[in-house]
1. Would you confirm whether any residue within the range 220-229 is among the hydroxyl-bearing types (Ser, Thr, Tyr) and surrounded by 21 or more Cβ atoms within 10 Å (Cβ to Cβ)?
2. So, in the range 62-81, of the ones that are among the basic types (Lys, Arg) and over 14 Å from ALA36 (Cα atoms), which residue ends up surrounded by the fewest Cβ atoms within 10 Å (Cβ to Cβ)?
3. Scan the range 182-222 for residues that are of a type in the set (A, V, I, L, M, F, W, C), out of contact with any strand residue (DSSP E or B) (no Cβ under 6 Å at 6 or more places or on another chain) and not in a helix (DSSP H, G or I) and report the count.
4. Might you check whether a residue that is closer than 22 Å to ARG170 by Cα, among the aromatic types (Phe, Trp, Tyr) and touching a Phe, Trp or Tyr at 6+ places or on another chain (Cβ under 7 Å) occurs anywhere in the range 39-54?
5. Can you say whether GLU212 is surrounded by 16 or more Cβ atoms within 10 Å (Cβ to Cβ) and more than 20 Å from ASP109 (Cβ to Cβ), as far as the supplied structure shows?
6. For residues that are over 19 Å from the mean Cα position of the chain (by Cα) and modelled with pLDDT of 95 or more, tally how many sit in the range 116-128.
7. Going by what's in this entry, would LEU153 be described as in the same structural domain as ASP223 (by TED's automatic domain parsing) and more than 30 Å from GLN225 (Cβ to Cβ)?
8. Given the conditions (1) surrounded by 13 or more Cβ atoms within 10 Å (Cβ to Cβ); (2) among the β-branched types (Val, Ile, Thr); (3) not assigned by TED's automatic domain parsing to the domain that holds ILE173, which single one is not true for ILE118?
Amino acid sequence: MKTSQQLVISNLEEKLKLFTHAVSGELIKEANYVIANTEIPTDTFNMLLAKSPTVRNENHMKQAINHFLVKKFPFSTWVDANNLSNDWLQLIKEHNLKEAERNIMMKLDHTLHTGQRISNHLNITQVSNKEGLLQYKEVFLSLFEGTPERNALEIYFHKFSQEKLASNARMFIGCIMEMPVATGLLIEDNDSYGIYDVMTKETFRGKGYGSEMFQFLLNQTIDKQKPVVLQASEDGKNIYKRFGFKEVGEMIVFE
């Protein structure tokens with residue numbers, strides 16, 4: 001049986017697989033790490049994910065990292081704090097990676113008692129066509145305004161194929177008067193649901209739209225006995241605790 005931390009890592013691995021495939025990128029999958037290479041200069045989607053404290057097939061990994069470096073593609077490295085062994089620390093040091101953020105890993109055991117949406121201000125629909133994807137992109141990119149990452153994400157979404165995205169990834173857009181203001185993503189794997197991309201445009205924050213989208217996502221789970229996992233910032237974790245989520249670990253991100 002997987003630990004709570006392993007559930008978070010496995011669901012993130014599933015997300016990497018799906019969103020790399022959607023732009024015809026390359027996923028390198030080993031027993032103790034996964035590397036997602038979109039061939040686009042985005043550290044949002046180019047990622048090295050540690051799955052255990054041990055680093056095996058190190059040469060294979062270094063080749064993939066060197067590919068990023070030669071092409072000057074940014075990438076992020078995600079390591080569960082419990083997996084941050086000397087092996088990983090050495091690798092991080094060798095490639096001059098710096099800690100960028102820490103996320104709180106959280107888990108809800110099931111969604112059997114999830115309440116209905118408290119408010120219905122948002123018109124929430126699943127992304128199923130090009131128009132919906134453009135709306136999702138609009139909200140997503142608004143968080144990166146004025147950064148090089150925004151330009152890279154523009155390329156990412158231009159290459160993104162809705163047809164290549166498997167049915168276990170469901171993207172949602174929340175609109176006010178036909179204006180897209182919030183997004184949410186629900187990913188199901190064999191062991192859990194994962195919630196990602198709960199984003200609200202800056203000018204619409206503080207109105208409860210993020211919480212409304214989040215509660216909507218919880219209600220979209222089909223297997224109510226399956227746990228739900230996510231990662232939260234230190235500032236945001238208390239929002240999820242109100243929905244019954246518990247802290248299960250810490251993910252450290254290096255760039």
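1. Within the range 220-229 (the criterion being among the hydroxyl-bearing types (Ser, Thr, Tyr) and surrounded by 21 or more Cβ atoms within 10 Å (Cβ to Cβ)), the answer is yes, since at least one residue qualifies.
2. So the residue we want is LYS72.
3. 1
4. yes
5. Against the criterion (surrounded by 16 or more Cβ atoms within 10 Å (Cβ to Cβ) and more than 20 Å from ASP109 (Cβ to Cβ)), GLU212 qualifies.
6. Final tally of qualifying residues: 5.
7. yes
8. Among (1) surrounded by 13 or more Cβ atoms within 10 Å (Cβ to Cβ); (2) among the β-branched types (Val, Ile, Thr); (3) not assigned by TED's automatic domain parsing to the domain that holds ILE173, the lone unmet condition for ILE118 is (1).
The values are calculated or read from the model by the stated rules, or taken from the named source; none is laboratory data. The shown structure was predicted, so the numbers you read here are calculated from the model rather than taken from an experiment. Heads up, the Cβs are rebuilt from the backbone with ideal geometry, glycines too, and the neighbour counts pull from every protein chain shown.
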